[in-house]
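The values are calculated or read from the model by the stated rules, or taken from the named source; none is laboratory data. Not measured: the values here are computed from a predicted model. As a convention, Cβ positions derive from the backbone with ideal geometry for all residues, glycine included, and neighbour counts pool all protein chains shown.
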Amino acid sequence: MDGEAELFYRQLPKVELHAHLNGSVSVRTIDRLIGRKPHLNIQHSMTAIGKGQRRTLDECFQVFKVIHQLVDTEEDILMVSADHVIREFAADSVKYLELRSTPREEKNTGLTKKGYIETVIRAIQLCKDEGLDIDVRFLVAIDRRNGTQVAMETVALAEQFLLSSDGLVVGLDLSGDPTVGNGKALLPALERAKNCGLKMSLHLSEVQSQLEETDLLLNLPPNRIGHGTFLHPEVGGSQNLVDKVLKNSIPLELCLTSNVKGQTVPSYSQHHFKYWYQLGHPSVICTDDKGVFSTDLSQEYQLAASTFGLSHAAMWKLSQQAIDCIFAPETVKQQLRQKWTDLQPQLFQ
Ligand SMILES: CNc1ncnc2c1ncn2[C@@H]1O[C@H](COP(=O)(O)O)[C@@H](O)[C@H]1O
Ligand SMILES: [Zn+2]
């Protein structure tokens, strides 16, 4: 869509549950970063996929490498998170945000994984202290490419912060190039995460032919699924997988533009949102990487509505039901439900 969403969607209070920090860096922020590091010789065309453009998933992962070069100090992470990403989501009427990011170590700048997580937490705390109208939580991400050992270390770190971050770290994400690495090898780490009370959102069936891995990971079961593009039989998944998702009522995080621009879904109208929505299954519209895919959550809501012919009232319900799927505790859900109730008359006057 690459434009401005209509006022209704911009004002609609929203919940964002699937946003990778470094994929959410907007053009404006990239400008700032390029200004700080001109020697890297990075152009905008290398960090975002514009209107009508598509890339292979593999090319999308090259983009993250470029952004990682631009964001490689604690100062960068703080600026990107506090001054830009969180603020942009808040300006888009996102009232609750779960940010996820892969802790990175950078030998050149002295960045450590622990320092990485601490910095994101500091950014969230800064926005909170400022009174920004958005509740932000953090999911520590495991990059599936890095294998068993790193996954285990990441879980240990996440566990530490689950206990010490004043409720800001709520869980774990499993992401990274889905065509690389093996989910089975990560099971012990994920089981440990589950046992220590970390909530889990797993990128699952993002590409075709991962039936065995998906089946194994669904047995955990995860608390939410990212994408789940190839779960259902019509696209090479299976009824068995669908039944597992339905039986455990595992919400799906669905990212329309990301899937179309990354070419795992051929067109908006063929997006699996339709399949799950028609089943009445909890489906949450998300952005994935609003910077890389040049979108925002308002546009994604509007896109879903226009593609599938859904009314404002239906979209309101969808945004409200997303509250049920958040990882923060019940008290937070109640506060959010109250916020939605308070805002409703304004939107439907
Ligand atoms: C497009 N679909 C996707 N599928 C799988 N993983 C993805 C992704 N989009 C982003 N990431 C994951 O998020 C990282 C960037 O943010 P952070 O550095 O962690 O903040 C990527 O390197 C990848 O591991
Ligand atoms: Zn993702």
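For this structure, a couple of remarks:
- Scanning the range 183-235 for residues that are without any contact (Cβ under 8 Å) to a residue 24 or more places away in the chain and either among the polar types (S, T, N, Q) or in contact with a strand residue (DSSP E or B) (Cβ under 8 Å, 6 or more places away or on another chain) (or both) yields one hit, Asn195.
- The residue pairs whose first member lies in the range 86-114 and is farther than 25 Å from Arg10 by Cα, whose second member is in a strand (DSSP E or B) and within 14 Å of ligand 1 (Cβ to nearest atom), and whose beta carbons are closer than 7 Å, counting only pairs six or more residues apart or on different chains, are Ser101/His20; Ser101/Ala141; Thr102/Ala141; Thr102/Asp143; Pro103/Val140; Arg104/Leu111; Glu105/Leu111.
- Which listed residue is away from ligand 2 (no atom under 16 Å from the Cβ) and either in contact with a helix residue (DSSP H, G or I) (Cβ under 9 Å, 6 or more places away or on another chain) or closer than 23 Å to Leu246 by Cβ (or both), from Ala189, Ala141: Ala189
- In the set Ser294, Ser267, Ser238, only one residue is of a type in the set (Gly, Ala, Ser), surrounded by fewer than 23 Cβ atoms within 10 Å (Cβ to Cβ), more than 16 Å from ligand 1 (Cβ to nearest atom) and touching a residue at least 24 places away in the same chain (Cβ under 8 Å); that residue is Ser238.
- Selection from the range 1-44 of residues that are in a helix (DSSP H, G or I), polar (S, T, N, Q) and within 14 Å of ligand 1 (Cβ to nearest atom): Asn22, Thr29
- Scanning the range 168-200 for residues that are small (Gly, Ala, Ser), part of a helix (DSSP H, G or I) and away from ligand 1 (no atom under 13 Å from the Cβ) yields Ala185, Ala189, Ala193.
- Checklist (1) farther than 25 Å from Gly262 by Cα; (2) modelled with pLDDT under 95 applied to Arg192, failing item: (2)
- Helices (runs of 4 or more DSSP H) wholly inside the range 246-349 that include at least 3 residues being of a type in the set (Phe, Trp, Tyr): 273-278
- Scanning the range 62-88 for residues that are among the polar types (S, T, N, Q) and within 16 Å of Gln125 (Cβ to Cβ) yields a single hit, Ser81.
- Across the range 168-186, the number of residues qualifying as surrounded by fewer than 24 Cβ atoms within 10 Å (Cβ to Cβ) and of a type in the set (S, T, N, Q) comes to 2.
- Options Ala151, Ala141: the member that is over 22 Å from Val80 (Cβ atoms) and at pLDDT 95 or above: Ala151
- The range 13-29, residues that are of a type in the set (A, V, I, L, M, F, W, C), modelled with pLDDT of 95 or more and out of contact with any Leu (no Cβ under 6 Å at 6 or more places or on another chain): Val15, Leu17, Val25
A quick yes/no check of all residues on (1) surrounded by fewer than 17 Cβ atoms within 10 Å (Cβ to Cβ); (2) not in a helix (DSSP H, G or I):
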{"site": "Gln69", "(1), (2)": "yes, no"}
{"site": "Ala82", "(1), (2)": "no, no"}
{"site": "Val85", "(1), (2)": "no, no"}
{"site": "Val140", "(1), (2)": "no, yes"}
{"site": "Val150", "(1), (2)": "no, no"}
{"site": "Thr154", "(1), (2)": "no, no"}
{"site": "Asp166", "(1), (2)": "yes, yes"}
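- Residue within the range 329-337 that is out of contact with any strand residue (DSSP E or B) (no Cβ under 9 Å at 6 or more places or on another chain) and surrounded by 19 or more Cβ atoms within 10 Å (Cβ to Cβ) present: no
- Tally of residues being over 16 Å from the mean Cα position of the chain (by Cα) and either closer than 22 Å to Lys199 by Cα or buried (at least 18 other Cβ atoms within 10 Å of the Cβ) (or both) across the range 87-98: 1
- Counting the residues of the range 49-62 that are surrounded by fewer than 23 Cβ atoms within 10 Å (Cβ to Cβ), within 13 Å of ligand 1 (Cβ to nearest atom) and not hydroxyl-bearing (Ser, Thr, Tyr) gives 8.
- In a residue-by-residue description of the range 110-120, the property of being under 29 Å from Gln302 (Cα atoms), outside any strand (DSSP E or B), touching a helix residue (DSSP H, G or I) at 6+ places or on another chain (Cβ under 9 Å) and not β-branched (Val, Ile, Thr) applies to no position.
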